[in-house]
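In what follows, a single structure is set out as structure tokens and then discussed.
The values are calculated or read from the model by the stated rules, or taken from the named source; none is laboratory data. All of these numbers come straight from a predicted model, not from anything done at the bench. Reconstructed Cβ throughout: ideal geometry from the backbone, glycine too, with neighbour counts over all protein chains shown. Surface areas here come from the heavy atoms of the whole protein model, side chains and all, with no ligands, DNA or RNA. Shrake-Rupley method; radii C 1.70, N 1.55, O 1.52, S 1.80 Å.
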Amino acid sequence: MYAMWRLQVALCTLSVLSLSSGGESKARSCSEVRQAYNAKGFSLVNVPHQEISGEHLRVCPQGYTCCTSEMEDKLNQQSKLEFENLVEESSHNMRTTFVSRHKKFDEFFLELLDNSEKSLNSMFTRTYGKLYMQNSEVFQDLFTELKRYYTGGNVNLEEMLNDFWSRLLERMFQLLNSQYHFTDDYLECVSKYTDQLKPFGDVPRKLKAQVTRAFIAARTFVQGLMVGREVANRVAKVNIVPACVRALTKMLYCPYCRGMPGLKPCHNYCHNVMRGCLANQADLDAEWNLFIDAMLLVADRLEGPFNIEAVIEPIDIKISEAIMTMQDNSMQVSAKVFQGCGQPKPSGIGRSARGISDVFSTRFRPYTPEERPTTAAGTSLDRLVTDIKEKLKESKRFWSNLPDDICAKGKLTESDEEQCWNSHTKGRYFPEVVKEGLTNQVNNPEVDVDITRPDTLIRQQIMALRVMTNKLKNAYNGNDIYFQDSSDEGSSSGSGSGCSDGCTTEFIFVGTEAPVIGADRSDERAAVAAAGKSLSCGPSTLLVMTALTFLLWSMQTQWR
């Protein structure tokens, strides 16, 4: 009996202690929450000192709580702000890589062109003197057009280079035959013999092939860095839907309301929230990876056969070789031109009177390596390309890996799976982690994602990347898709080539919010060219509809 009595007493004591403990839990202090809440910069007015009943809460669990409705609203806003900052911070290094490398490449290429022009001007002035200065605009125009092409201007490289050699032939033909008078019509006839006579030897053909391929690769590569920068900057500014904000608040700040402000979310719990909130960003990943691969291919070309530094630095020497070839063959060239264009009228001024016999008596002397200007921008193309290739490789799968980066253990989440916030209390998180991408969020237990409504801005960036990838693939083959000519189909020689690397019936539409980069309309031209490729390979109905769509978009962007 005594033993039974002792058992009853023990049970009663436990019951009393339990009730006492329950009463204390209802009136638990909110001092830690107040301290953490205040540290966020919020006022402590209307923040309870002890837990209150939580029926008013709309996001957090409605048990006893340290949160008022006003607190929950402010924590809601704070969650949105912190998520934006998390994405910004996680993408900072990748975005700044595109910014800094684009700036460096742009600086390098423009300085390379400036150095080459200065070198040519200096050496031609020293070698040919007054006669060069009287005709220097021919060479100045060449570099002006090269710069204009590189910076996104509407320049057909092949036509521009052909025009340069025609103008040079006209000027030299007049100088070498100064005893005659030539009309504009006669000089036009002379230029028609350029290809047939080859007055400059094989230099124009070789230089045209080298310049077009190198400039197409260089311009497209730098544009790729520019597009990568713009896309990354736009995508990093996330569009946060209400369902995502609720999930973020529940994950980041409902521990405050439960009196556990220092409790971090469980790792897998964080993954589900981030994969739901960043579902559209993850869908960018496939096109992003194709874009990065295409950038790496063009980078390989820049290191090898399309090395613009190897083409531009000695351009003055190559042009001088052509001039000397014309000088050596001047009698044969003149005789054939006279035969084809007719005998010109004498000018009444003899060669000796104008001193033309000595025009090219001085052979061109190039700079010695010590005299040649230093490498552009304090670096070399090889070093620049090697550096950017490493950075590009690191950025692959960036968008699908973004939730992993944000939810890194120890930074945002708790490494101890038993001592973490699991959406309602401290303990293990049991639901499985969903896969990335919009369609996979249909079963996301934490974020209610509408998989039928893809983010418009993300879709536009996908199309912008697709346009750029198409341009990069063409640049890899030495083709400038804006100037592809269907009559040249199958050719692979420079910017006039056609559909040599396979056509697609998929029209490339950028959208009104796709990256608009300064005055460079090259992405629009690329899309027009892509539509042209579709014409030769795809259904005419699709082409008409999509071409009209692009025309309307182009008109809108011009009036923005």
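Only protein heavy atoms count here; under a 1.4 Å probe, Lys74 has an accessible surface of about 80 Å². Classify the range 72-206 as rounded, prolate or oblate from the Cα gyration tensor: take a ≥ b ≥ c as the square roots of its eigenvalues, call it rounded if a/c is under 1.5, otherwise prolate when a/b beats b/c and oblate if not. Prolate shape, in that a/c is at least 1.5 and a/b is the bigger ratio. If I take R0 = 60 Å and measure r between the Cβ atoms of Asn477 and His56 in this structure, what FRET efficiency does the formula 1/(1 + (r/R0)^6) give, to the nearest 0.05? Step by step, r from the Cβ atoms, then E = 0.40.
In the full protein context, the range 245-328 carries 27 Å² of accessible surface per residue, based on a 1.4 Å probe and ignoring ligands, DNA and RNA. For the peptides 173-186, 462-475, the ranking by packing is 462-475, 173-186, with the highest mean count of neighbouring Cβ atoms within 10 Å listed first. Short-range pairs are left out: with C-alpha atoms under 8 Å and at least six residues apart, the relative contact order of the range 79-169 is 20 percent.
On a per residue basis, the range 79-129 carries 43 Å² of accessible surface, using protein heavy atoms and a 1.4 Å probe. Farthest towards the positive end of the charge dipole of the range 250-333, among the residues Ile317, Asn307, Tyr269, is the Cα of Tyr269, using unit charges on the Cβ of Lys, Arg, Asp and Glu. Of the solvent-accessible surface of the range 251-341, computed with a 1.4 Å probe and all protein chains present, 50% belongs to carbon and sulfur. At an R0 of 60 angstrom, the distance between the Cβ atoms of Thr386 and Ser415 translates into a FRET efficiency of 0.95.
Under the classification rounded if a/c is under 1.5, otherwise prolate if a/b is larger than b/c and oblate if not, where does the range 375-428 fall, given a ≥ b ≥ c as square roots of the Cα gyration tensor eigenvalues? Because a/c hits 1.5 or more and a/b exceeds b/c, the range 375-428 counts as prolate. Each peptide in 296-308, 220-232, 82-94 was scored by the mean count of other Cβ atoms within 10 Å over its residues; highest first, the order is 220-232, 296-308, 82-94.
A protection proxy built from the mean count of other Cβ atoms within 10 Å ranks the segments 259-270, 333-344, most packed first, as 259-270, 333-344. For the pair Asp141 and Met331 in one chain, pulling the backbone fully straight at 0.36 nm per residue adds 65.6 nm over the alpha carbon distance. Working from label points 7 Å from Cα in the Cα-to-Cβ sense, the Asp300 to Asp73 distance is 5.9 nm. Taking a ≥ b ≥ c as the square roots of the eigenvalues of the alpha-carbon gyration tensor, the range 270-316 is classed prolate because a/c is 1.5 or more and a/b outweighs b/c.
Distance between Cα centroids, the range 64-109 to the range 379-453: provide it in whole Å. A separation of 14 Å, based on Cα centres. Here the dipole of the range 136-196 is about 200 debye; that uses its Cα centre as origin and unit charges on the Cβ of Lys and Arg (positive) and Asp and Glu (negative). What is the calculated FRET efficiency for Glu32 to Asn233, with r their C-beta to C-beta distance and R₀ = 30 Å, to the nearest 0.05? Step by step, r from the Cβ atoms, then E = 0.15. Computed extension gain for Thr439 through Arg148, at 0.36 nm per residue and net of the alpha carbon distance, reaches 100.3 nm. Give the carbon-plus-sulfur fraction of the accessible surface of the range 83-187 in %, rounded to a whole number; probe 1.4 Å, heavy atoms of protein chains only. Whole-percent figure for carbon plus sulfur exposure: 46.
Fully extending the segment from Met324 to Gln339, taken as 0.36 nm per residue of separation minus the present Cα-Cα distance, adds 3.1 nm.
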